[in-house]
Every structure is written in C-alpha cells, then in structure tokens.
1. Residues that are among the small types (Gly, Ala, Ser), at least 2 per element: which strands (runs of 3 or more DSSP E) completely within region 324-422 meet that?
2. So for region 81-89 (the condition being part of a loop (DSSP other than H, G, I, E, B), touching a Leu at 6+ places or on another chain (Cβ under 8 Å) and of a type in the set (S, T, N, Q)), does at least one residue qualify?
3. Considering only region 108-167, state which residues are touching a helix residue (DSSP H, G or I) at 6+ places or on another chain (Cβ under 7 Å) and among the small types (Gly, Ala, Ser).
4. Condition first: farther than 30 Å from Cys259 by Cα, more than 19 Å from the chain's Cα centre (by Cα) and of a type in the set (A, V, I, L, M). Can you find one or more residues in region 124-134 that meet it?
5. Six or more apart or on different chains, Cβ atoms under 7 Å: show the pairs whose first residue is in region 337-349 and over 18 Å from Asp171 (Cβ atoms) and whose second is among the β-branched types (Val, Ile, Thr) and buried (at least 18 other Cβ atoms within 10 Å of the Cβ).
6. Take the residues in region 125-183 that are outside the structural domain of Val324 (by TED's automatic domain parsing), part of a loop (DSSP other than H, G, I, E, B) and among the polar types (S, T, N, Q), then tell me which one is surrounded by the fewest Cβ atoms within 10 Å (Cβ to Cβ).
7. Name the residue that is surrounded by the most Cβ atoms within 10 Å (Cβ to Cβ), counting only residues in region 209-243 that are part of a strand (DSSP E or B) and among the β-branched types (Val, Ile, Thr).
Amino acid sequence: MRKRHNDSSAVRLETSEPAGTLILEEMDMDRKLRFGIIGCGARGRLSFGALLKDREDCEICALYDTNHVRLRCVSEQIGGKIYTDLEEMLEKESLDCVIVTSPDPEHEKGTVAALNHGVNVLIDKPLATSAAGCRNIIDAMRKSGKVAMIGFNLRHHPVLKRMKQIIDNGDLGKIFLIENREFYDGGRTYMSRWNGKKSYSGGLWNHKGSHDFDIFNWYLGFPKPVRVACFAGMNVFRPENIPFKVEKGIPVGPSCSLCHYGKNGTCKDAHPENGPMWGEEAVKEDGYRKDSCMYMSDLSAHDNGFAIVEYENGARASHMECFVCGFSDRLYSIVGDKAVAQMSLHQSTIRITDRWTKESVTYEIPPQEGGHGGADPGLLDSFIRAVRGETENLSTLEQGMLSTSIAEAAELSRERGQVIEL
C-alpha cells in the first residue's frame, strides 16, 4: 500500500543541569533585539546576516572580523558598525545577542567573551574543536545566566523535523539502528578552505559530522555514547590524482583563481573566488584563500570515511561522509522494532515500511524557503524566541558538547586505529 502525504581515550561528559533552566532577565518585548555578528564569512553574511536584516524585530548593530576588507563588504550589504577588536565591540555596543560564525577554532574565544559581557549567544556548529573547549563555554554560560544555543540547523530541516515527529509518535517502535550516508558534490567547500586542515578545524568529523552525530543523539533521546570507531582517509584529493595532464613547466595551483589550468578550463574542479570578499585585496590582509587547490593543498582531513557510534542503551549509528561525487544528498535509514524509515533530504521524502505487513507509506515534505532547505530561518527564530523567554532553549550547549565528543573520539580512532571508549 502506498500513500502520499504533503507535509580508549576518553572525554568526560558531565551535565548536572537540565536543559532550559536558565533564568532570563525581564525584556521589553516590543523593542528590537540588538545583534552583533562575530565572523563575516558566508555564514555570517548570508545565513544569518541577511535573515536578521529582513526581520522587523531585530537590528544588526555591529560586525567583528579580523579582515577589514570582508568587514567593509559585509557592512555595505547588511549594515552594522565594523570592529577588528572583539573586546572593543563588546564594550562599546549595548548588544542583546551575538551570532558566532567565525572559523571553528575561534568559537570558544568569541563565545566566552560575549558571555562574559552578559550577551546572549548563538554559536554556529560545532560548539568548539574539542570537548575541553566546549566545557569552557558551558562554564561561562552558567556563570553568565544568559541564553547560549548551539546552531544545529538540521534539526529545523522540514524532512528531519517530520521524521522526529514520526519517531516520537512511536510509529517505528524502539529505535536501535541508524545509518546516514552523506554525499557532497565535488568537495570544494571543504577541501579548498581551512576546513581541510585537521590541526585547525579539529577535523571534518567535527566540522561536518557534528550535524549528523547530533541528529543521531536527538532521534535516540540523547543516550550516553560509550564507544566510537572510525575508518577514514584521503583517497582522491592528493597530488598524484590530479585529473588532467600537467604541462611541462606549468605547475598546478596554488589556487583556482591563480591556476593556469583553472583559468583555461582544463581542471573540472576549478572554482575561482574573485569577488571582493575573497579577492586579492582581502588576501593581502591575512593570506587566506578560499579556493586553494584541492589536490596540492596541505590537507589533513579525510575525503571519505565511516564513523560508528555505540550507545549505552545498545543502539548503534553509522555515519558516512563522501566528498568525491557528482551529487549531494543525505540518505538515512532508521530501524525500529516495528518499522524502518528511509529518508532523502534532496528528494524531501520519507518512506516508512512496516515490519510485519510490509505496507509502506511515503511522505513528500513540501519545501520551505531559506538556506539549508529552510533550516536556517527556523534556527534563528528558535534562538530569538528563547532569548525573549517565549520558549525553552531546546538546543543546549551540553548537547553540542556531546556531538563534539563523538567527533573528537572519531578523529582519535582514525589516528590510532582503535576503538575509543567514552
């Protein structure tokens, strides 16, 4: 029947306070919330800045970044006074909230500074690059009494939200197995930027996989993870795998915008970044290029791999990441003792198959406007309502630390070639 509906190294995890217990000071519900943005890359400018600009209940007052060129470009587009000194911004501006969208290793510094100044914070995932960094942020949050939310925007994706409702309704029964396979077209976003350097990002299991580990935790009801195993490597994006003939005397790279083969169309992976935010003027300030050659860069992350998690309740989850393909999708299988669910985020579908009757029901989820399939506006709105005291904070820092701890264990497992006990 087919129906269609629209609709052995350890990280200590200690959480003594339940989610949503922060005491909020009284706030004038009619006035606009004053926002600052820490980190003016694409996430700060597009995913959050553009959304804030369009809201009548918020205003962008201040922007912080270490690159003055990017600051100027973003300010011209979304407004806000520019600062290259974070403490100066926090001291001079009377901010209600900041959104942290800086590179991952800067999350801890920016979040702790904002909380120490009594400002509510939304931290784009991951919370930090290590569980220890997460703990420092949590300590600052508890001392401040402010709202601090981790930006797991996938929880607000319409397909994943609908699947959560199905699980909570008991349609699948007791969940004991979850599999997720993520395919990312071309790998350009992660292999050409700072994300590809494990020493800087903490590894792609954290930067990218923290989304997926959180979905596992969320669907399972946040049981304690007890062991993690990982198999991953860099199989394709290596100098010996350059997918074209290199001409004698003409080197490859160092970036797509400067590369001979990128300019003449020989390299099918070329994606030059020449706009004002990432062009030569911005590069002169900090040396950072967003289009470094995927094959010649000093990459220490993985371009494919599996991470397996086992929980104290006996449930198991497997997450695959593949950055070498010609399409993008997240494909989930969720197995319960009553039924199995199969999901495609790209196709916006959920198929439930009953264990005994073999009958199936397919849900086609209507698309929503906004970045990441409508997830970004939902995340921002959830944070604003929590700050105003209208709802609890349902995406807590403790949950962010849980995801980062699994990711950190996965990186350790890959490095050591052993199962990591949590």
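The values are calculated or read from the model by the stated rules, or taken from the named source; none is laboratory data. Computed from a predicted structure; not experimentally measured. Backbone-built Cβ (ideal geometry, glycine too); neighbour counts: all protein chains shown.
1. Values: elements: 329-336, 339-344, 349-354, 360-364.
Those strands (runs of 3 or more DSSP E) span 329-336, 339-344.
2. Going residue by residue through region 81-89, those that are part of a loop (DSSP other than H, G, I, E, B) are 84-85.
Narrowing further to those that are touching a Leu at 6+ places or on another chain (Cβ under 8 Å): 84.
Then keep just the ones that are of a type in the set (S, T, N, Q); that gives 84.
Checking region 81-89: at least one residue is part of a loop (DSSP other than H, G, I, E, B), touching a Leu at 6+ places or on another chain (Cβ under 8 Å) and of a type in the set (S, T, N, Q).
3. Gly110, Ala113, Ala114, Gly118, Ala128, Ser130, Ala131, Gly133, Ala140, Ser144, Ala148, Gly151
4. Keep residues of region 124-134 that are farther than 30 Å from Cys259 by Cα, which gives 124-134.
Then drop every residue that is not more than 19 Å from the chain's Cα centre (by Cα), which leaves none.
Among the residues of region 124-134, not one is farther than 30 Å from Cys259 by Cα, more than 19 Å from the chain's Cα centre (by Cα) and of a type in the set (A, V, I, L, M), which makes the answer no.
5. Leu345/Val159; Ser348/Val159; Ser348/Ile365
6. Top of the filtered list is Ser130.
7. Pass one, region 209-243, residues part of a strand (DSSP E or B): 225-233.
Of the ones still in play, those that are also among the β-branched types (Val, Ile, Thr) are 226, 228.
On the way: Val226: 13, Val228: 26.
Per the stated criteria, the residue is Val228.
So that you can scan it fast, the table gives a plain yes or no per residue for (1) surrounded by 16 or more Cβ atoms within 10 Å (Cβ to Cβ); (2) under 30 Å from Gly36 (Cβ atoms); (3) touching a Leu at 6+ places or on another chain (Cβ under 6 Å); (4) not charged (D, E, K, R):
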{"residue": "Arg330", "(1), (2), (3), (4)": "yes, no, yes, no"}
{"residue": "Gly370", "(1), (2), (3), (4)": "yes, yes, no, yes"}
{"residue": "Gly378", "(1), (2), (3), (4)": "yes, yes, no, yes"}
{"residue": "Ala386", "(1), (2), (3), (4)": "yes, yes, no, yes"}
{"residue": "Glu390", "(1), (2), (3), (4)": "no, yes, no, no"}
{"residue": "Asn393", "(1), (2), (3), (4)": "yes, yes, no, yes"}
{"residue": "Leu412", "(1), (2), (3), (4)": "yes, no, no, yes"}
{"residue": "Gln418", "(1), (2), (3), (4)": "no, no, no, yes"}
{"residue": "Leu422", "(1), (2), (3), (4)": "yes, no, no, yes"}
